[in-house]
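Reading through the structure tokens given below for one structure.
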Amino acid sequence: SKEEGRNQYSFFVPEMSQAIKDKREMEMQLRDALSNGELELAYQPKWGFRSGEVEGFEALLRWPHKTRGPISPADFIPIAEETGLIVEIGEWVLLHACMEAMHWPNDIEVSVNVSPIQFSAKSLLKDVRSALAQSGLPPERLELEITEGALMQDTDANLEILEAIREMGIKIALDDFGTGYSSLGYIRRFSFDRIKIDKSFINDVLTSKDSQAVVQAVCGICANLNIESVAEGIEEQIQLDYLNKEGCSQAQGYLIAKPMKPEIVSEFLERPHR
Ligand code: C2E
Ligand code: CA
Ligand code: CA
Ligand code: CA
């Protein structure tokens, strides 16, 4: 009967629609947060093994949600990517990170994470130019962190965009290296300035032969190709010592500092670290 049909329908649909509703709700709130200036950036230092000094900071998105408390970018970036909102958010991040870096000493770089979706939206080049023009930041002080995901589709077109960005003097880092499938192929096809070894390898580098093999291989390849290797997620001195021994270029992780509010950066740079 009609009655039964309705019951069957309502038996499984509400759950599904709840998930969709939650997503829509989060998307709307994220859109509001962006337009109301509620998104923030935290900055995590990158420390140079050779210089023994902080050489730059990575900008990391923070959403201090009014009622739910802080929401992790790992939770809201995927939704922003699904809905395309990441393009506007990415534009905001680029501009604000560049403006913030103008307050720092002029040898300190800023790194910005770029989503694969920003490539397919074709606005990346324009957004980068506009952020530099509006902030006055020299291109040499900006680095973009991209993941393999940005290269897996439209590889040639995206490599061309990267090439144009690199010709402006901006650095390109390959993020989360080692977690994908054909990473080595991309290194042959494009000259990255840096490769960031994923923190999952750093995490167990002292105990896992596999992680040691990856870390050694990446540090070795980078040294040979004149690419800087970056180890993220360093939490212990003994990990730092290991990476130093392998010839790694830069270190990032809680051992050096957690991501910090922009107000703290200048003060942090004034005191000795490590
Ligand atoms: P990611 O780019 O790989 O960033 C590194 C993540 O590791 C950050 O998490 C950072 O806070 C965390 N981390 C740093 N040092 C340590 C450590 O010593 N131990 C541990 N356990 N974790 C450490 P966060 O800030 O939660 O960001 C997560 C991810 O969200 C980022 O991973 C990145 O993929 C994405 N994300 C963050 N900000 C942006 C953004 O502005 N744009 C885009 N597209 N993605 C972003
Ligand atoms: Ca990153
Ligand atoms: Ca990473
Ligand atoms: Ca990651």
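Read-outs throughout are calculated quantities, based only on the coordinates presented, and are distinct from any laboratory measurement. Quantities reported herein were computed from a predicted structural model and do not represent experimental measurements. Positions of Cβ are generated from backbone atoms using ideal geometry, with glycine treated the same way; all protein chains shown enter the neighbour counts.
Observations on the model:
- Legend: P(r) of segment 40-177 from all alpha carbon pair distances, 10 Å bins from 0, whole percents, reading 11, 43, 35, 11, 0.
- In Hz, Karplus ³J(HN,Hα) per residue of segment 107-121 (6.51, -1.76, 1.60; θ = phi - 60°; x = Gly, Pro): 10, 9, 8, 10, 10, 10, 6, 10, 7, x, 4, 5, 6, 5, 6
- Using a Förster distance of 45 Å, the FRET efficiency for E267-D156 (Cβ separation, nearest 0.05): 0.50
- Kirkwood hydrodynamic radius of segment 146-185, from the reciprocal of the average inverse Cα-Cα distance over all distinct pairs: 10.7 Å.
- 13 Å beta-carbon shell around A33, net charge (K/R +1, D/E -1): -2
- Each eigenvalue of the Cα gyration tensor of segment 35-86, multiplied by 5 and square-rooted, gives one semi-axis; in descending order these are 29, 13, 9 Å.
- Stokes-Einstein diffusion for segment 209-274, with the hydrodynamic radius set to the Kirkwood value over Cα pairs and evaluated at 25 °C in a medium of 0.890 mPa s, equals 187 µm²/s.
- Note on E25 and Q216: their simple-model spin labels are 5.2 nm apart, each label 7 Å out from Cα toward Cβ.
- Within segment 179-225, all pairs of alpha-carbon atoms sorted by distance into 10 Å bins from zero give the percentages 24, 56, 19, 1.
- Residue list for segment 78-118, given a label point 7 angstrom along the Cα-to-Cβ vector of Q134 and an amide N cut-off under 14 Å: 87-101
- Backbone geometry of segment 211-217 corresponds, through the Karplus equation with coefficients 6.51, -1.76 and 1.60 at θ = phi - 60°, to 3J(HN,Hα) couplings of 5, 4, 4, 5, 4, 5, 5 Hz, x marking Gly and Pro.
- Working note: 222 nm ellipticity from helices only, DSSP H runs with n ≥ 4, each -39,500 (n - 2.57), summed and divided by the residues of the chain, gives -16000 deg cm²/dmol to the nearest 500.
- Potential extension, D193-K66 segment - 0.36 nm per residue separation minus Cα distance: 41.8 nm
- Residues whose amide H comes within less than 5 Å of that of E109, counting only those at least five positions distant or on another chain, are G56, F57 (H built at 1.01 Å from N in the peptide plane).
- Equivalent-ellipsoid semi-axes of segment 117-191, from the Cα gyration tensor, Å, largest first: 22, 13, 10
- Note that segment 16-114 shows a convex hull volume over its alpha carbon atoms of 110 Å³ per residue.
- Volume of the Cα convex hull of the chain, divided per residue and given in Å³: 170 Å³
- Semi-axis lengths (Å, descending) of the ellipsoid that matches the C-alpha gyration tensor of segment 125-274: 26, 23, 12
- Alpha carbon centroid spacing (whole Å) that separates segment 29-92 from segment 226-245: 24 Å
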